[in-house]
Amino acid sequence: MADFLTDLRFAARGLARNRGFTAAALLTLAIGIGANAAIFSVLDALLLKPLPYPDPERLVVIWEKNIPRQRMDNVVSPGNYIHWREQARVFERMAGIGQASFFRMSLTSNGEPEELPAQAVTADFFPILGVQPAHGRWFRPDEDRPAPRGEANVERVTVLSHALWTRRFGADPAIVGKSITLNGNPFTVVGIMPPQFFFIEREAALWVTVGFSAEARTPRGRWMLVTARMKHGVSIAQAQAEMDTIMARLTTQFPDFNTGWGANVVPLHQQVVGRVRPAVLTLAAAVGAVLLIACANVANLLLARGASRRRELAVRAALGAGRGRLVRQLLAESLGLGVVGAVAGLLLAWWGIVMFRAAAEAGFSLPRAHEIALGWRVVLFTAGLALVTSLLFGLVPALAASRLDLQNSLKDGARADDVRGGRLRSLLVVAEIAVALVLLAGAGLLIRSFARLVDVDPGFRAEHVLSAKISIPTVRYDEPGKMIRFFDELVTRVEAIPGVRAAGGVSFLPLAGPAAATKFEIVGQAKPPLGQEPVCEVRVATGNYFAAMGIPHIAGRLFDERDSREKTRTIIINQAMAKQYWPNENPLGRRIIVSWNDEGHDEIVGVVGDIRHATLETASRPMIYFPPGRFAYPWIALVLRAEGDPAAVGPSLVKTVHAMDPALPVANLRPMSNVVAQSVAERRMVMAILAGFALVAAILAVIGIYGVLAYSVAQRTREIGVRMALGARPGDIARLVVSRAFALTAIGAVIGATGAYLLTRFMTSLLYDTTPTEPAVFAAVIIGVLAVTLAASLIPGRAAAHVDPLVALRAE
């Protein structure tokens, strides 16, 4: 142990004397180790830590799956959920949840009106998760009941999130037991959940009870998420088998609704992190590659340093130091570099974690972003990484430097760089270039994919459009006619705002989250078999919505005052629906039966252009638009087209809404261009991070080849002097250096291109309209790597060409 400490002190003194070498090695290691520590903190939070619930491995999410369309994660019908809960024996409890992405509530007490994302849950929800409230209690079973019809002020109950409690109610524990107003109704606050509690949807600000009526037992409509806790000893396969049996019974009992549908049991952990797993694993592989390049660079530096110290090591060996002693001394130096590099890397990792959390807020939807931290496991991982990398970049140079020929090493004219060492350094540079090319190819594919994605025509013109969500409480607007008249007047008033060219509303805003779809049948055609009915998207839209959004009007007419009365039986369809079901025919005047609030005949009066609703990468599906009179929603996604900057019209819009009803919140007020940008924010973030890592890898590889060439030129000064004394021209000497760079780069490019061809196919889920072996991307990356590395060789080439033969020979 005393010898080891002596070695460490000697290594520290040696590193302190060689500040340039030490700074370069530490910076390289800090980048590699820091990036890996940051990514490991993300992996730890997402994939390694158990979910913050008791026995989380027994928690599952249950979806309905549409078998003909192979959709495995469809929302659930309340009726099916009720029968599942009654018939399942493999679960301790089962709960239904109305998702916050769809379910919103207006808070109109304790401050300005505000629309809040909420989860409407059954009474078993909190007991299943097992997380105790910070204050108060959970819902009681008797509180999970429907409000009596015709009674507007029936007291209900709610549980608040810790964030809402802190922000809106000043973290006052006395709020428990008091009443607040939600959607125009009084709700008693019965509990406050602890900080950071959430279930799948982080944005949920409060919870209320669903309160199913007796009619809900008959399956109709799908809009719920279901979670359950399996009994001890039950596997996912057993749970899935029982749910398959139950769904088979329900299909027999309700064939019109359940034919072609099944159940899909998913572990909760998989549900939470499954969507982002490919992106995170891709980034982890990228930073691992960066670390390998960093190790190769530092190994090259140590090889060069070891060669220059050969006489020193030979003297030590002559004085009795064995090879093992010399290797230990050199490894102590590597370990010192690794430890200090790890400390610096932790500082970089802390900065990276801050960036990841900011990215989560900006749109890179990390489901457990608040848990990303420099915890003890990250520190332990970094320490282990420092040890492994110290051995990785230090062992080979140490062995090479300790392999001594004492007689030649002690001669004044002995070359410090033998042939074997030069080959090893060249091999490391080739490996760096190969790994960097793999990363650059992956980044190039993501950039090409993203460029194609943002070039997708969404079907509407987002520029100069402002959007907002307006919800009205059903306690005051308790009839469809009242809802229709309110939104008709609102649109009319908004269109009268100076600077507004057109205004309209739709039930679900494109690229902003939830949607609605249902089956239909075409009047006059044979009814398809159960479970094989065609399906279309369903929206409710006002007449001027299409003009405000810039959606092309193709044929027929748009909605007008004729369609504003209740139970209007007219619809507009999109081009995708017209082409699919009436190819080479005129769909105007045709009638369909839509499985919606009733099943009468609806006449097609117009055709409009297709839009991308779910995501830009998802092709347009058949879609129908109802007028508000056909089905009245208690909310509207309002859009207005402004003559100039749409944000400038925002204050006037808010005043207009409050002039009609001061208690209404104006939610999600934002330009439509922001909505489009937000829809691709996650892809943009992954692309930017991987491109950044690839750029770092490329820079390290260029530094590596520059270092090898510069060192080679320095060691071959006498040879270059002899060549020039015998008549070699400066251009010949420069070409000699550049040709070596070209050879190393070409070999690395070939190996890297082969590796990229094999590895990028695992990125398929991250790409849009781009093949993993896109020839243009590979060609551009290879040409770029060749050009940059050859450019890096010009400096040592120029230095070699300007060697003075007399000076070189005199120095020897």
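Among residues of region 196-221 that are within 30 Å of Gln253 (Cβ to Cβ), those with a beta-carbon under 6 Å from a residue that is at pLDDT below 90 and open to solvent by 50 Å² or more (accessible area, probe 1.4 Å) at least six positions away or on a different chain give the pairs Gly211/Arg145; Gly211/Pro146; Ser213/Pro146.
Among the residues making up region 692-707, a single one is under 17 Å from the mean Cα position of the chain (by Cα) and without any contact (Cβ under 8 Å) to a residue 60 or more places away in the chain: Gly692.
Quick one: in region 66-111, of everything that is assigned to a loop (DSSP other than H, G, I, E, B) and of a type in the set (Lys, Arg), which residue is modelled with the highest pLDDT? The qualifying residue modelled with the highest pLDDT is Arg89.
When restricted to residues that are out of contact with any strand residue (DSSP E or B) (no Cβ under 8 Å at 6 or more places or on another chain) and either assigned to a loop (DSSP other than H, G, I, E, B) or surrounded by 16 or more Cβ atoms within 10 Å (Cβ to Cβ) (or both), region 569-619 contains 13. Being among the polar types (S, T, N, Q), under 30 Å from Ser765 (Cβ atoms) and touching a residue at least 40 places away in the same chain (Cβ under 8 Å): is that true of Thr474 here? For Thr474, the condition - among the polar types (S, T, N, Q), under 30 Å from Ser765 (Cβ atoms) and touching a residue at least 40 places away in the same chain (Cβ under 8 Å) - is not met. For region 481-533, a tally of residues being on the phi > 0 side of the Ramachandran plot and more than 39 Å from the chain's Cα centre (by Cα) returns 1.
All of Arg140, Arg145, Arg168 fail the test of being open to solvent by 30 Å² or more (accessible area, probe 1.4 Å), touching a Gly at 6+ places or on another chain (Cβ under 6 Å), among the charged types (D, E, K, R) and at pLDDT below 95, apart from Arg145.
When region 760-779 is filtered for residues that are in a helix (DSSP H, G or I) and within 12 Å of Ala443 (Cα to Cα), the ones remaining, listed by number, are Thr760, Met763, Leu766, Val777, Phe778. Which one of Phe199, Phe169, Phe103 is touching a helix residue (DSSP H, G or I) at 6+ places or on another chain (Cβ under 7 Å), of a type in the set (A, V, I, L, M, F, W, C) and within 26 Å of Trp84 (Cβ to Cβ)? Result: Phe199 is the single residue among Phe199, Phe169, Phe103 that is touching a helix residue (DSSP H, G or I) at 6+ places or on another chain (Cβ under 7 Å), of a type in the set (A, V, I, L, M, F, W, C) and within 26 Å of Trp84 (Cβ to Cβ). Restricting region 548-568 to residues that are assigned to a loop (DSSP other than H, G, I, E, B) and open to solvent by 30 Å² or more (accessible area, probe 1.4 Å), the residue that is modelled with the lowest pLDDT is Glu566. Given the condition touching a helix residue (DSSP H, G or I) at 6+ places or on another chain (Cβ under 6 Å), in contact (Cβ under 8 Å) with a residue 12 or more places away in the chain, closer than 16 Å to Val465 by Cα and open to solvent by less than 50 Å² (accessible area, probe 1.4 Å), answer yes or no: does some residue in region 676-691 qualify? Checked region 676-691: no residue is touching a helix residue (DSSP H, G or I) at 6+ places or on another chain (Cβ under 6 Å), in contact (Cβ under 8 Å) with a residue 12 or more places away in the chain, closer than 16 Å to Val465 by Cα and open to solvent by less than 50 Å² (accessible area, probe 1.4 Å). For region 262-306, what are the residues that are open to solvent by 20 Å² or more (accessible area, probe 1.4 Å) and either part of a strand (DSSP E or B) or over 30 Å from Ala24 (Cα atoms) (or both)? Within region 262-306, Asn264, Pro267, His269, Gln270, Gln271, Val272, Gly274, Arg275, Arg277, Pro278 qualify. Here is the figure for region 208-261: residues that are closer than 23 Å to Thr518 by Cα, open to solvent by less than 30 Å² (accessible area, probe 1.4 Å) and of a type outside the set (Val, Ile, Thr) total 8. The residue that is least open to solvent (accessible area, probe 1.4 Å), counting only those in region 473-527 that are among the basic types (Lys, Arg) and in a helix (DSSP H, G or I), is Lys482. Residues that are buried (at least 17 other Cβ atoms within 10 Å of the Cβ) and part of a loop (DSSP other than H, G, I, E, B) are absent from region 29-48.
Only one of the listed residues (Ala780, Ala749) is more than 19 Å from Ile795 (Cβ to Cβ), small (Gly, Ala, Ser), open to solvent by 40 Å² or more (accessible area, probe 1.4 Å) and at pLDDT 85 or above. That residue is Ala780. Looking at the structure I just gave you, is Gly177 closer than 19 Å to Leu107 by Cα, open to solvent by 50 Å² or more (accessible area, probe 1.4 Å) and not in a strand (DSSP E or B)? So Gly177 passes the test.
The set of residues in region 758-775 that are open to solvent by 50 Å² or more (accessible area, probe 1.4 Å) and either within 22 Å of Ile699 (Cα to Cα) or not hydroxyl-bearing (Ser, Thr, Tyr) (or both) comprises Leu758, Leu759, Arg761, Phe762, Asp769, Pro775. Would you confirm whether any residue within region 112-125 is assigned to a helix (DSSP H, G or I) and surrounded by fewer than 17 Cβ atoms within 10 Å (Cβ to Cβ)? Checking region 112-125: not a single residue is assigned to a helix (DSSP H, G or I) and surrounded by fewer than 17 Cβ atoms within 10 Å (Cβ to Cβ).
The values are calculated or read from the model by the stated rules, or taken from the named source; none is laboratory data. Keep in mind that this is a model prediction, so the values were computed, not measured. A quick note on method: Cβ atoms are made from the backbone with ideal geometry, for glycine too, and the neighbour counts reach across all protein chains shown. Areas reflect the complete protein model, heavy atoms only, side chains present, ligands, DNA and RNA absent. Shrake-Rupley method; radii C 1.70, N 1.55, O 1.52, S 1.80 Å.
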